[in-house]
Every structure is written in C-alpha cells, then in structure tokens.
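The values are calculated or read from the model by the stated rules, or taken from the named source; none is laboratory data. Bear in mind that the values here come from a model prediction, so they are computed numbers and not experimental data. Note that each Cβ is placed from the backbone with ideal geometry, even for glycine, and that neighbours are counted across all protein chains shown. For accessibility, only protein heavy atoms count, side chains too; no ligands or nucleic acids. Shrake-Rupley method; radii C 1.70, N 1.55, O 1.52, S 1.80 Å.
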Amino acid sequence: MDKDRKLIIAGNWKMNKTVAEALDLVKGLKRDLSQVKEVDIVVCPPFTALSEVSREIIDSNIRLGAQNMSEHSVGAYTGETAAEFLKEFLVRYVILGHSERRQYQKESDALIAKKAAAAHAASLRPIICVGELLEHREAGQTQTIVDAQLTGSLAGLSSVQLLETIIAYEPVWAIGTGKTATSEQAQEVHASIRAKLADLYDDNTARQVRIQYGGSVKPGNARELMSQPDVDGALVGGAALDARNFSDIINNSI
Ligand code: PEP
C-alpha cells in the first residue's frame, strides 16, 4: 500500500447480536485476525454487549466502538448514554450521525457536532458519517449535500480534534442494499471530502484524516475499494455480522 494513512476497518453491528452471539462473533474474529497489524480493526456492538465484548478483546488487536452516544454528560437524560460510561468499557471510537440515526432519530448536523465535541472531551474518536440519498445523487447534488454535512457536523472542531476524527462516506443508497458505489464513485467523493476538509482546515490536516467508505462492502469488493488513493478504510454493516466475511474483508484489504 503506498498510502501513509493506516487503514481503519470498523464493523457496525447495528441492533444485532445478543451477548452470547456477540461473544461468538468476536472470538471468531480474534482467531482469524490475530496476526493483522496493517489495519486498525474496530467492532461496534450494541450497548448491551459492550461489557462482555470489551473483556473478550482486552488483549487482542481489536478495538471497541459504540454506535451512538449522548451529547450530554451525566445527568437527567433518561435512556441516553454518556461518553464517560462508554469509557468504562474501554470504548475508543463512537459512530456519530449514521444515516439510520439521521433518518429515524432525525439527528441533525448541529446535534452531531455537539456529540463530536462531547466525544473529544472524553477522548473518544468519533466516526462521523456523511452521505447522500439516491435522489441527491441523481440530481447531481452529492458534493453539495456531503459538503454541507461536513461543514455542519464538524462545526467547532479544532484541527487537532479533526486528526482524531474519522469520516465515513456512506452513500445512503448503498447501505444494506447490496448496491456498492463503484471504486471510481467512492474515490471521487472521498477526494471531494478531502478537498472540503482542506478548505475548512488546511491541506496538511486534510491529507492525514482517514476517510472510510461504507455501503455494502463485501470480501469481493474490499480490495478494489481500499486501493483507491483517498479511501482509507471501511465501515461495514451486514458483512461485519459474520466472522469469516469481516475477516476476509480485512485480509483482502491488506
Ligand atoms: C452501515 O451500516 O454503516 C453499512 C455500511 O451497512 P452495509 O455494509 O450493510 O451496507
């Protein structure tokens, strides 16, 4: 690989896996991936499995992520989870603004920016998701939409914090649909994201930020996607629910 940015491949398990199933999956990943050093590997189980999964991966090369967190610190916010609580389970990453949360919980860019600030305050690394709907792409609005999401979701983050932030480009029409963006489509948007980051920050910072692609990543398309100059990893949904598939994605990306 001629990129100086280390790949980061994360599995978003969404609302799947009981504790027992989560342990099964992560034991399989430990077995298959123990030798991998070239990729930062992250698993993002549901909150209910964080504790057990954390214990299971403690001495491994697999890191823990959460799928969401509150923008607030501890307090009277029923049903919410503060960054401080995630830290108790040695969570290091948190997915913010996934398109399912933007759609079902109506999360806005402004809210995502508050969550990102709270994540950084707790030394968690946010994985901030952006991506266009099919209607946006068909109307030629992909870059406008993604630029606006970046501007809004990164508002207030310093360049030092941006370097500890991962951007996930996830075209909504490719999530869970089996329709993957072509590697050219992914590269085109990733390059435009990097250009926008250079505009919002500076060239040097933008060059170092890791930008993941997400949307029906599978063992068969991982290598081609990951070989694009501005694609620095993947956020994997469906294929991360099976140890063999997720391991194959990682091994095929190296
Ligand atoms: C996701 O949930 O972030 C995702 C990319 O899902 P999938 O890989 O199933 O498309």
Legend entry - Conditions (1) open to solvent by 20 Å² or more (accessible area, probe 1.4 Å); (2) closer than 18 Å to ILE8 by Cβ; (3) aliphatic (A, V, I, L, M); (4) touching a Pro at 6+ places or on another chain (Cβ under 9 Å): number failed by LEU163: (4)
Legend entry - Tally, over segment 234-254, of residues that are of a type outside the set (Lys, Arg) and either more than 12 Å from the ligand (Cβ to nearest atom) or farther than 27 Å from ALA49 by Cβ (or both): 8
Inset, instruction - Considering only residues that are more than 16 Å from the ligand (Cβ to nearest atom) and surrounded by 20 or more Cβ atoms within 10 Å (Cβ to Cβ), look in segment 150-160 and name the one that is nearest to LEU133 (Cα to Cα). - result: LEU150
Inset, instruction - Among residues belonging to segment 1-59 that are in a loop (DSSP other than H, G, I, E, B) and β-branched (Val, Ile, Thr), point out the one that is surrounded by the most Cβ atoms within 10 Å (Cβ to Cβ). - result: VAL36
Inset, instruction - Taking GLN185 as the residue in question, decide whether it is over 23 Å from ALA239 (Cβ atoms), within 15 Å of the ligand (Cβ to nearest atom) and at pLDDT 95 or above. - result: no
Inset, instruction - Spot the failing condition for THR78; the list is (1) open to solvent by 80 Å² or more (accessible area, probe 1.4 Å); (2) β-branched (Val, Ile, Thr); (3) within 14 Å of the ligand (Cβ to nearest atom), and only one is missed. - result: (3)
Inset, instruction - Scan segment 185-195 and give yes if some residue there is polar (S, T, N, Q) and in contact with a Lys or Arg (Cβ under 9 Å, 6 or more places away or on another chain), otherwise no. - result: yes
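Table: residues versus (1) open to solvent by less than 50 Å² (accessible area, probe 1.4 Å); (2) acidic (Asp, Glu).
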{"residue": "PRO171", "(1), (2)": "yes, no"}
{"residue": "THR177", "(1), (2)": "no, no"}
{"residue": "GLU184", "(1), (2)": "no, yes"}
{"residue": "HIS190", "(1), (2)": "yes, no"}
{"residue": "ARG194", "(1), (2)": "yes, no"}
{"residue": "LEU200", "(1), (2)": "no, no"}
{"residue": "ASN204", "(1), (2)": "no, no"}
{"residue": "GLY214", "(1), (2)": "yes, no"}
{"residue": "VAL217", "(1), (2)": "yes, no"}
Inset, instruction - Being of a type in the set (D, E, K, R) and either buried (at least 20 other Cβ atoms within 10 Å of the Cβ) or within 14 Å of the ligand (Cβ to nearest atom) (or both) is the filter here, so list the residues in segment 219-233 that pass it. - result: ASP230, ASP232
Inset, instruction - Would you confirm whether any residue within segment 168-182 is closer than 18 Å to ARG5 by Cβ, within 16 Å of the ligand (Cβ to nearest atom) and touching a His at 6+ places or on another chain (Cβ under 9 Å)? - result: yes
Inset, instruction - Quick one: count up the residues across segment 78-121 that are in a helix (DSSP H, G or I), over 14 Å from the mean Cα position of the chain (by Cα) and not hydrophobic (A, V, I, L, M, F, W, C). - result: 10
Inset, instruction - Would you point out the residue of segment 83-95, among those that are crowded, with 20+ Cβ neighbours inside 10 Å and under 10 Å from ARG125 (Cα atoms), that is farthest from the ligand (Cβ to nearest atom)? - result: VAL91
Legend entry - When residues of segment 96-113 are limited to those that are buried (at least 18 other Cβ atoms within 10 Å of the Cβ) and over 19 Å from VAL43 (Cα atoms), the one nearest to the ligand (Cβ to nearest atom): ARG102
Inset, instruction - Can you run down the residue pairs with Cβ atoms below 9 Å, 6 or more apart or on separate chains, where the first is in segment 7-36 and hydroxyl-bearing (Ser, Thr, Tyr) and the partner is open to solvent by less than 10 Å² (accessible area, probe 1.4 Å)? - result: THR18/ALA49
Inset, instruction - Run GLN161 past the list (1) outside any helix (DSSP H, G or I); (2) within 19 Å of the chain's Cα centre (by Cα); (3) not aliphatic (A, V, I, L, M) and report the number of the one that doesn't hold. - result: (1)
